Amino acid sequence: MAGEGTDHIVLVSADGHGAAPPEHYRPYFEARYQSLIEELIEENEMWQRLTGPFTGCSEEVYELIDPDRAMRDGGWTGAWDPHVRLREMDREGVAAEVMLHNVNQLALPFFGNINRPWPAEYRLAGSRAYNRWLADFITETRGRVMGTAQPGPCLDMAEAVREIGWSAEHGLKGIGLPRITDDPSLPPLNDPYYEPYWSEVEATGLVLQIHAGYGKAQGEFHGFLRRLVAENLSKEEALHELTFAADSPLLPDMRPRRALWQLMLGGVFDRHPGLKLVFTEVRADWIPATLEQLDRRFEEGGTNLAKRPSEYWQENCYVAVSFPHKCEIPMRHEIGIRQFMFGRDYPHSESTWPNTLDWIRDSMQGVPESEARLILGGNAIECFGLDRAKLEAVAREVGPLSADLLGRDFSVDPRLIDHFQERGGYLKEPEDVDVDVVARLFDEDLAYS
């Protein structure tokens, strides 16, 4: 188990984020796309106007959440500066981190669901540029940051397969699922069209990853943010809307979840038992009720599944809970004690950063140390095939001692707990999953299969 032989916790965040200002991508765009940089600069300026409500806190709030001045001294620039990122990882005792696309204050190069609509050709060029920038970034982190590549629009499957191979050859550890943005010209994931994709991912050992926002149409996010801008909200008010508003793009969404049973129904895990699929920042409280419903449907018969859905979950799937809600920790065995991974969501406004250790101290109270070590790092080491010995050595240098993090009641400032709730819904009740919707979507996908 990760951490055996050391009193330090090997803390691995299975969800961090990285992206760069537009000019940083210029060397990575092919010559015929260089003119796109000017368009990306314009979109980035628009995006920063929309994300304005999430920037800056009152001095009173900063004094509460940022006593070390990590935020006020530009710690979020670790999104593109590997040296700042390592500094902030060391500050919070994080031995390693998985980095995905998307940063609150930066537009992506054309391919993401936070972008306004772009043609497929531009989305492909942008995803390729991002992947090449990402490969150079992780090289600078000396193996402590693991990058997740983006496949592009997947309209040209041969091109998508080549990008998977390139990503693995250049040290990236994960790859996004096809259809990161809604594209009516693509079939659902249980279609045979994607078979070359699954084959290449399994052959290279990359990990399939789904992140919150998966499957949304480009431009969908902009509408929500425009409303916040029009209402002239403070950062705290904007974060509250992002966490609780009925039209928030981060509220429970069936689009990422639906991929779970689509891959099952498509026989993907049967043909490719080595595939690993991670659900990142899509919460975990929905999993027990969803698996129970899927198992019940399996027992009724008439499906094409070779195994119970809960078996596929245990053998092929993980969830990276960024950031763990307090209610999700008691559900850890129902979710899967070896499927549950911690994520800090750095450097997003709603993340655990720069209060990650206090977030863990409060949420993990009463959890046996052996289980906490799995959630906080051991499962991620297993999932992404990380160098356990190397990360244990890093943890001995920067990691928190188990006695300082686990195993006793800690008194975390109640005002800080309240802020965790405001910025991340930390104290939310578990979701009341609408299993009838799950059943209906499952049967629709079964009919397609």
**Selection within segment 387-404 - crowded, with 22+ Cβ neighbours inside 10 Å and among the aliphatic types (A, V, I, L, M)** = LEU391, VAL394, ALA395
**Identity of the residue in segment 254-283, within 24 Å of GLY147 (Cβ to Cβ) and among the small types (Gly, Ala, Ser), that ends up surrounded by the most Cβ atoms within 10 Å (Cβ to Cβ)** = ALA259
**Request:** Determine whether segment 276-292 contains at least one residue that is in a helix (DSSP H, G or I) and in contact with a Phe, Trp or Tyr (Cβ under 8 Å, 6 or more places away or on another chain).
**Result:** yes
**Request:** Could you please give the count of residues in segment 333-359 that are more than 18 Å from LYS428 (Cβ to Cβ), among the hydrophobic types (A, V, I, L, M, F, W, C) and not in a strand (DSSP E or B)?
**Result:** 3
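Please work out if LEU64 is surrounded by 17 or more Cβ atoms within 10 Å (Cβ to Cβ), among the hydrophobic types (A, V, I, L, M, F, W, C) and either out of contact with any helix residue (DSSP H, G or I) (no Cβ under 9 Å at 6 or more places or on another chain) or part of a helix (DSSP H, G or I) (or both).
no
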**Tally, over segment 40-58, of residues that are of a type outside the set (Phe, Trp, Tyr) and either touching an Asp or Glu at 6+ places or on another chain (Cβ under 9 Å) or modelled with pLDDT of 95 or more (or both)** = 5
**Complete:** Within segment 67-100, the residues that are surrounded by fewer than 14 Cβ atoms within 10 Å (Cβ to Cβ) and at positive phi are ARG69, GLY74
**Fill in**
Picking from VAL10, VAL98, VAL94, VAL61, the residue that is touching a residue at least 24 places away in the same chain (Cβ under 8 Å), among the β-branched types (Val, Ile, Thr), under 24 Å from ALA380 (Cα atoms) and out of contact with any Leu (no Cβ under 7 Å at 6 or more places or on another chain) would be VAL98
**Asked** Of the conditions (1) part of a helix (DSSP H, G or I); (2) in contact with a Pro (Cβ under 7 Å, 6 or more places away or on another chain), LEU233 fails just one. Which one is it?
**Response** (1)
**Asked** Can you find a residue in segment 304-323 that is under 30 Å from MET71 (Cα atoms) and surrounded by fewer than 23 Cβ atoms within 10 Å (Cβ to Cβ)?
**Response** no
**Request:** Hey, could you check segment 382-393 for residues that are under 23 Å from the mean Cα position of the chain (by Cα) and part of a helix (DSSP H, G or I) and say which is nearest to ASN316 (Cα to Cα)?
**Result:** CYS383
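Which of the residues spanning segment 101-114 are more than 13 Å from GLY16 (Cα to Cα), out of contact with any Gly (no Cβ under 6 Å at 6 or more places or on another chain) and either surrounded by fewer than 24 Cβ atoms within 10 Å (Cβ to Cβ) or modelled with pLDDT of 95 or more (or both)?
Across segment 101-114, the qualifying residues are GLN105, LEU106, LEU108.
Considering only residues of segment 405-419 that are assigned to a helix (DSSP H, G or I) and out of contact with any Asp or Glu (no Cβ under 8 Å at 6 or more places or on another chain), which is surrounded by the fewest Cβ atoms within 10 Å (Cβ to Cβ)?
PRO414
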**Request:** Check segment 338-353 and report whether any residue there is over 30 Å from PHE54 (Cβ atoms), surrounded by fewer than 24 Cβ atoms within 10 Å (Cβ to Cβ), touching a strand residue (DSSP E or B) at 6+ places or on another chain (Cβ under 9 Å) and not hydroxyl-bearing (Ser, Thr, Tyr).
**Result:** yes
**Prompt:** Do the conditions hold for LEU427, that is, is it surrounded by fewer than 14 Cβ atoms within 10 Å (Cβ to Cβ), touching a residue at least 24 places away in the same chain (Cβ under 8 Å), touching a helix residue (DSSP H, G or I) at 6+ places or on another chain (Cβ under 9 Å) and not charged (D, E, K, R)?
**Reply:** yes
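The values are calculated or read from the model by the stated rules, or taken from the named source; none is laboratory data. Everything numeric in this text was worked out from a predicted model, so none of it was measured. Cβ sites come from the backbone with ideal geometry, for glycine too, and all protein chains shown count toward neighbours.
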